[in-house]
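All remarks here apply to the structure that follows.
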Amino acid sequence: MKDSIVIYDTKPLIENDDFVNKLICGDSLKSIKELPDNFVNLIITSPPYFGCRVYGNEILGREEHPLEYVANLLKYTGELKRVLHKEGSFYLNIGDVYFGTKGFIRNKGSYARKTDKHYKEHKIAKPDGKYLQYKQLLMLPERVAMGMQEQGWILRNKIIWEKPNPVPSYSPDRRYPVYEHIFHFVKSRKYYFDLNIAKRLNNHRDIIKCGIEPFGEHQASFPLPLIKPLILTTSKEKDLVLDPFMGSGTTAVACVELNRNYIGFEINEKFCKLAEERILNSEKTAEKQLPLKEIYQSDIHYIATR
Ligand SMILES: C[S@@+](CC[C@H](N)C(=O)[O-])C[C@H]1O[C@@H](n2cnc3c(N)ncnc32)[C@H](O)[C@@H]1O
């Protein structure tokens with residue numbers, strides 16, 4: 001039986017290699033600060049969205065004011081810029097929300113789920129008649145992206161993730177939201193990008209159509225077919241990939257299957273355990289597979305290294 005890959009405290013980690021192929025259970029801001037400069041080749045992540053799901057003990061996403069959320073998230077992206085290799089990429093998936101709705105589903109200006117403990121406890125700023133108005137789409141992904149540009153990040157693509165099976169979010173007076181953003185940022189003009197692979201996968205286009213795939217108890221997991229093309233295009237085999245909001249461990253599983261190394265941070269112990277079990281299972285399966293295999297999934301076609 002392999003040793004646990006979850007570490008519950010970053011303090012004993014002295015050598016940089018101690019982080020590699022591990023999940024660190026705790027606040028990722030603290031853990032990112034422990035990493036050396038230019039350490040990881042690729043960052044791919046989806047932080048908690050503002051006022052949406054409650055995962056457990058997290059603070060990010062539960063701020064009273066949406067701009068406080070933007071400011072908090074920018075603390076993470078600033079530190080991530082330091083740890084990303086100068087030729088690396090950062091993919092940030094982030095969803096938007098309507099003011100006062102506490103989630104995608106509720107958008108009529110009232111707290112529809114009054115019985116839900118979190119929704120009762122979650123204080124939200126009062127409408128101000130300007131930015132904070134009921135029914136207002138808050139443009140949070142764009143605000144974070146613009147904040148990152150101010151931090152010196154270079155935005156290369158605003159990828160649209162189109163979902164054939166989105167979370168229901170019906171309203172009689174607006175269109176049905178079926179996409180989220182994935183921002184592709186780099187920190188220098190010269191960065192690793194495999195154009196041939198990009199062309200083979202999804203025709204090199206900036207819209208990826210891919211269904212949502214909750215994993216176990218985690219309702220906001222990345223679908224593997226969404227992130228594998230991103231990993232293949234902007235990292236090499238054996239490269240080190242960081243997901244600072246690891247959730248159910250999808251990024252690590254993709255890394256195992258594509259022969260990359262990973263580091264994952266996750267604040268919620270329950271998800272660390274879920275991710276650990278999932279990663280160990282994927283390692284067992286990956287060992288049995290042939291080294292080269294063509295994979296066809298939905299409308300995405302790519303060559304995986306396993
Ligand atoms: C949108 S989910 C990520 C899901 C992930 N992409 C997956 O495939 O399962 C966001 C995750 O961030 C975690 N989280 C929230 N605040 C955190 C923090 N400060 N440090 C580390 N993880 C955090 C939550 O517990 C949640 O699992």
**From phi via Karplus (6.51, -1.76, 1.60), per-residue ³J(HN,Hα) for region 172-179 in Hz, x at Gly/Pro** = x, 10, 7, 6, 7, x, 10, 9
**Prompt:** Ranked from highest to lowest mean number of other Cβ atoms within 10 Å per residue, what is the order of the peptides 82-89, 202-209, 136-143, 223-230?
**Reply:** 223-230, 82-89, 136-143, 202-209
**Request:** Would you pull out the residues with amide H under 5 Å of A220's amide H, same chain only if 5 or more places away, H placed 1.01 Å from N?
**Result:** F215
**Prompt:** Using 1/(1 + (r/R0)^6) with R0 = 45 angstrom and r between the beta carbons of Y179 and Y8, what's the FRET efficiency to the nearest 0.05?
**Reply:** 0.75
**Most to least packed among 263-272, 175-184 [average Cβ atoms within 10 Å]** = 263-272, 175-184
**Asked** If you take the square roots of the eigenvalues of the alpha-carbon gyration tensor of region 41-99 and sort them as a ≥ b ≥ c, do you get rounded (a/c under 1.5), prolate (a/b over b/c) or oblate?
**Response** prolate
**Message:** Ratio of alpha-carbon Rg to the 2.2 N^0.38 Å globular estimate for region 176-216, to two decimals, please.
**Reply:** 1.53
**Item:** Over region 155-286, volume per residue of the alpha carbon convex hull, in Å³
**Value:** 136 Å³
**Fill in**
Yeah, region 122-214 with a ≥ b ≥ c from its alpha-carbon gyration tensor (a/c under 1.5 is rounded, else prolate when a/b outruns b/c, oblate otherwise) is oblate
**Request:** Can you pull the one-decimal nm distance between simple spin-label points at M146 and Q219, each 7 Å off the Cα toward Cβ?
**Result:** 3.1 nm
**Request:** At 7 Å along the Cα-to-beta-carbon direction for both K199 and R53, put a label point, then send me their distance in nm to one decimal.
**Result:** 3.8 nm
**Fill in**
Residues whose modelled amide H sits under 5 Å from the amide H of V6, counting only those 5 or more places away in sequence or on another chain, are L23
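Coordinate-derived values only; no laboratory data. All values reported here derive from a predicted model rather than from experimental measurement. Reconstructed Cβ throughout: ideal geometry from the backbone, glycine too, with neighbour counts over all protein chains shown.
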